[in-house]
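The block underneath contains the structure these notes are about, expressed in C-alpha cells.
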C-alpha cells in the first residue's frame, strides 16, 4: 500500500480525482510500458497541471505525474528540460520504463547520489534497471512494488520541495 501521508495538502488535494481513477496500489502496473493512458486520463492530468499553479511552476511534479499514468513521451519532454539530479532521476525512470536500459543507466549516472535513493528500501537504481531488463527472480510483483515505492518517494520529495 502506497502511503501519501508525506504529500502536502496543496499537492494531494488536486491529485485526489486521479488517485480515485488510478489507485496508487494499481498504478504503474507495466514495468516496461507498451500502452500509455487513454485520452480521458490524459485530459485529467492536463487539467490537474493547468489548474494548479504549483504543477505549472515545478516541472519535476509534471514529469512524475506523466510517469504515473504511463505517458512516457510526455514525461520525457518534461524531464529532459530539468537540468539537475532530480530531472536526471525522472529521466532515468522514464527510459527504464520504455525498455531503453542503457540510456536509463546513463541518466542514473548523471543523477549521481540523489537524496531520495537512501529513502527507498532495498533500492539501488542500477540493480533495479538490470532486474527489470533481465526479469530477474521472476518476481514481477516485487519489481512493481519497488517501482511504486520509487515513484511515491521521489514524487513526495519533489512535492515537499515545491511546497516550501
Can you go through 81, 92, 64 and tell me which one is outside any helix (DSSP H, G or I), touching a helix residue (DSSP H, G or I) at 6+ places or on another chain (Cβ under 7 Å) and closer than 27 Å to residue 162 by Cα? 81
So if I check each of 12, 7, which one is closer than 18 Å to residue 159 by Cα, out of contact with any strand residue (DSSP E or B) (no Cβ under 8 Å at 6 or more places or on another chain), assigned to a helix (DSSP H, G or I) and modelled with pLDDT under 95? 12
For region 90-100, state whether one or more residues are surrounded by 20 or more Cβ atoms within 10 Å (Cβ to Cβ) and farther than 17 Å from residue 148 by Cα. no
Of all the residues that make up region 113-164, how many are part of a helix (DSSP H, G or I) and without any contact (Cβ under 8 Å) to a residue 12 or more places away in the chain? 10
Please find, among 152, 120, 161, the residue that is out of contact with any helix residue (DSSP H, G or I) (no Cβ under 9 Å at 6 or more places or on another chain) and surrounded by 12 or more Cβ atoms within 10 Å (Cβ to Cβ). 152
Of the listed residues (78, 32, 69), the one being loosely packed, with under 15 Cβ neighbours inside 10 Å and within 14 Å of the chain's Cα centre (by Cα) is 32
Let me spell it out: the conditions are (1) more than 21 Å from residue 147 (Cα to Cα); (2) out of contact with any helix residue (DSSP H, G or I) (no Cβ under 9 Å at 6 or more places or on another chain), and residue 35 meets all of them except one. Which number is the exception? (1)
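The values are calculated or read from the model by the stated rules, or taken from the named source; none is laboratory data. This one's a predicted model, so the numbers in the text were calculated from it and none came from an experiment. Neighbour counts are summed over all protein chains in view; Cβ atoms, including those assigned to glycine, are modelled from backbone coordinates with ideal geometry.
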